[in-house]
Amino acid sequence: MSGRFFLNGFYISLLLLAACALGFWFLFSCETTGKYEKILGPVEAEPEVSQNAPAGQPEKTPPADSDKSPGELDDDARARELAEFMKKLVPLHKPLGKPGKSDWLSHHSEPGQTFEQYIACNPERPAGNRSFIYVQPLGDFSKTEKKIILLTAKFMTYYFNLQIKLCKNLPLSTIPKSARRVHPKWKDKQILAPYILDYVLRPRLPDDAMAYIAFTNSDLWPGEGWNFVYGLASLRHRVGVWSIYRNGDPDESDESFRLCPLRTIKMASHETGHMFSMKHCIKYECNMCGCNNRTESDRLPLALCPECTAKICWATKTNPLSRYRQLSKFCGKNGLEKEKKFYEKSANILKTIAIKQ
């Protein structure tokens, strides 16, 4: 009896020891090899999946009232169909007027980019396993700022119809003294945006990344002759950075908390658009317009114009009606009523077209 008890106790001890070892290994491996904290996907329920869950492909949801999605067509056929759809949306969009003295186009001569020119330039777009957008927090953030990062990442899943991998923070010490400065007049501490692109993001660019964008609450400047920049992205290297430094204090008031995420979402989606080879828009008031100051940025809409919407839907094989519906739902949930109504109007126009066809 005592021998059996001894053997049972021995085996139990072995099992407990093995369980402890497995637990320590799991904690250690998650801490040292985990690259991201959440996967966010463009589906109705807005799930948040842990880093240990398998990453599925982004869902392409055709509208219920159309028997063919643009995502099911080849490139040329999809381009023709999107071009026809977008023509119907033109009345909702305001042409870009003459720029003010301090506006972007008064200081930067740009040719613009039509939908046809975009397709012809062989743009960067999801291909093979390169189907994720990585969001890389850089530095330390307050609790409210972390909420804004997560909210922005969720929005981008619907905006680009791709899954988002929210990475673990990189410390600001990643940026050396040679890539920092104190603004000579304003005395703001700034970090060099091109350094982040070339020496922080590009060497870390994951194989499955369509885009890799850093998020920081530090002020940015792009180099000699510039005071600051809201964000910076590469048209070909699929990396970018944006800052919330100039977006206001989200803890100041309810209105500030509404405004700061809107500004952040605008900048994040704008800079990521560049990583899809989209140039600045000069035809309509559009989220892809260049902006030179806060007044100009706040004046521009969150929505893309018809031309730029066609570019994103073509590149990501996204049905525009489904996209508008999901964006409208997101904006409604997060207090962006003006944006919600605009996306609703756009969806209603495309729904009517789909029914007629």
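What to note about this one:
- Once you reduce the stretch 175-245 and the stretch 310-337 to the center of their Cα atoms, the two points are 28 Å from each other.
- In plain terms, the chain from residue 187 to residue 130 could stretch by 16.4 nm, reckoned as 0.36 nm per residue minus the Cα-Cα distance.
- Dimensions in Å of the stretch 198-357 - Rg and Dmax from alpha carbons: 16.6, 55
- Backbone N atoms of the stretch 233-256 closer than 18 Å to the 7 Å Cα→Cβ label point of residue 205 belong to residues 233-242.
- Neighbours of residue 306, meaning other residues whose beta-carbon lies under 14 angstrom from its beta-carbon, give a summed charge of +2 when Lys and Arg score +1 and Asp and Glu score -1.
- For the stretch 119-171, the equivalent ellipsoid built from the Cα gyration tensor has semi-axes of 26, 12, 10 Å, listed from largest to smallest.
- Given +1 at the Cβ of Lys and Arg, -1 at the Cβ of Asp and Glu and no other charges, the dipole of the stretch 124-277 around its Cα centre is 280 debye to the nearest 20.
- Residue-span extension gain [residue 333 to residue 236] - 0.36 nm each, minus C-alpha spacing: 31.5 nm
- Pairwise Cα separations in the stretch 124-277 fall into 10 Å bins from 0 onward with the following percentages, short to long: 11, 43, 35, 10, 1.
- Working from label points 7 Å from Cα in the Cα-to-Cβ sense, the residue 116 to residue 83 distance is 0.6 nm.
- Rg and Dmax of the stretch 64-173, based on Cα coordinates, read 19.2, 53 Å.
Bear in mind that the values in this text are calculations on the coordinates, not laboratory data. All values derive from a computational prediction rather than experimental measurement. Backbone-built Cβ (ideal geometry, glycine too); neighbour counts: all protein chains shown.
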